[in-house]
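To start, the structure itself, in structure tokens.
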Amino acid sequence: MPLNFSEPPTPTLSRQNTSLVGNHHQRRTTHPHLLSSRRKPRRWPLVFRFIKGAIHVEILLPVFLHAVFTAFVVYLDTYAFDTVGIPSSIIPSLSIVVGLILVFRNQTSYNRFWDGRNGMSSMNTCVRNLTRTILTNSYSSTRGPPTPAEREDIERTIRIMMAIPYAVKNHLRAEWGAAWELGSVFGNDLGERGSAAYNPDYAGLLPAGLEGHEDEGLGLPYQLTFFVDGFIKRGEDRGWFNAPGASQMQAQLNALLDAYGRMETIKLTPMPVAHLIHQKQVLALFGCVLPFAMVDEMGWWAIPIVSLVIFTLYGIEGIGSQLEDPFGYDRNDIKMDALVGDSKMEIDTVLTEWRNHSKAMDGFREGQIHGDRCQEKKYTPPDLFLKLRTRPRTSN
């Protein structure tokens, strides 16, 4: 279904003071990584944290159940039978198996987390490289600066590249309705938090008249790369990029798609269910055998000791379970929204700077029209991020 969005306003970013304020340990706020960096210091040691970022809530039920089972075993040993204990020498053998399983699970899960973060970094790097190349090379020294229509084509392509990280993020979260108007077929879809996934800032970056085919199995990130590749071809035809330069830009676009594919592989390839089943069963078996090995020596003290061991083991397993899918909304997941927001803020600032410097292009073109002799030389655009000086007007 078609989309018609006008060009979104570019936010004006004020320069923040990066000097220290207040205590010496307070983190300074800066524009780079403004959203993805931690803004405030930790006021409490992590050992006292039990809710935010912790795994305690998710493992509370198995710890409680094992504590109840241990109390039942101690009761039987104390009041019902002479002894129900077993030799404690069996525990080291089982603990080796449990340790190997948990190490494999956590290492594999963290590798998925790390690969996902590297995929986001690779994608942002490709967007940066393409943006820099397009904004600094989209002109012809012989034909002069790009026309207003060509400048609009450049801005449209940069906005599409800003939209690609948003599209990848929503694709990995299965938020198919994020690019469509509310009330449409896709806009009725809900995100994982129960709210509509529609994002007007993201939708405003998409090209006017875009028709998505997500319902037919075509991912929107892949679809958007066709617009960028088409722009590279148009730039080569206009004489902006030579063949090797266009090839390098297409290599960057291919690297972006490769990073997107690697993150998609992480999302679509869960841990083998046989490993998950065996891991849960081994943990439960170890937790049920442990009380029988401790009851003779510790009595009622076996309840807190077993609870502590179970808390440790199930906590490690719970962390691995969270890191298995690093693209969600958990506190320990990759900060997808913040990383995408920082990327948009960065590219948007570069685009604003290019817009300001593009006014000098109009002056060059006016000189060409009026036959200004000073403009007979080859056109060279002004360097970005340098303070522009107004050229004094000469009387005719």
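None of the figures in this text is laboratory data; all of them are computed from the coordinates on show. Computed from a predicted model, the values in this text were never measured in an experiment. Please note: Cβ atoms are built from the backbone with ideal geometry, for glycine as well, and neighbour counts cover all protein chains shown.
Counting Lys and Arg as +1 and Asp and Glu as -1, each charge on the Cβ, what is the dipole of segment 107-171 about the Cα centre in debye, to the nearest 20? Mind dumping the intermediate values first?
Details: 9 positive and 5 negative charges, 38 e Å.
Charge dipole, segment 107-171, about its Cα centre: 180 debye, nearest 20.
Convex hull of alpha carbon positions in segment 30-96: directionally averaged projected area 8.6 nm².
Between Ser93 and Leu276, the simple label model (points 7 Å from Cα in the Cβ direction) yields a spacing of 3.1 nm. Modelled spin-label separation between Thr142 and Ala251, with each label point placed 7 Å from Cα along the Cα-to-Cβ direction: 2.6 nm.
Sorting the segments 261-268, 272-279, 133-140 by their mean number of nearby beta carbons within 10 angstrom, highest to lowest, gives 133-140, 261-268, 272-279.
Placing dummy labels 7 Å off each Cα toward the beta-carbon, the span from Thr83 to Arg355 is 8.2 nm. Between segment 122-161 and segment 300-362, the alpha-carbon centres lie 30 Å apart. Once each part is reduced to its C-alpha centroid, what is the distance from segment 251-284 to segment 62-104 in angstrom? Their Cα centres are 34 Å away from one another. For Val282, Val228, the sequence from fewest to most other C-beta atoms within 10 Å is Val282, Val228. For the residue pairs Lys169/Lys280; Lys359/Lys387; Lys267/Lys335, alpha carbon separations beyond 25 Å are given by Lys169/Lys280. The convex hull defined by the C-alpha atoms of segment 74-170 has an orientation-averaged projected area of 11.5 nm².
Taking other Cβ atoms within 10 Å as a rough exposure proxy, Ser247, Ser321 sort from fewest to most as Ser247, Ser321. Packing, taken as the mean count of other beta carbons within 10 Å per residue, orders the peptides 203-214, 302-313, 89-100 from highest to lowest as 302-313, 203-214, 89-100.
Our analysis of segment 241-353 gives Rg over Rh at 1.28, with the two radii drawn from alpha carbon positions and Rh computed by the Kirkwood formula.
Would you list Asp229, Asp348, Asp215 from fewest to most Cβ contacts within 10 Å? Don't jump to the answer; show the numbers that get you there.
Values: Asp229 15, Asp348 18, Asp215 10.
Going from least to most buried by this count: Asp215, Asp229, Asp348.
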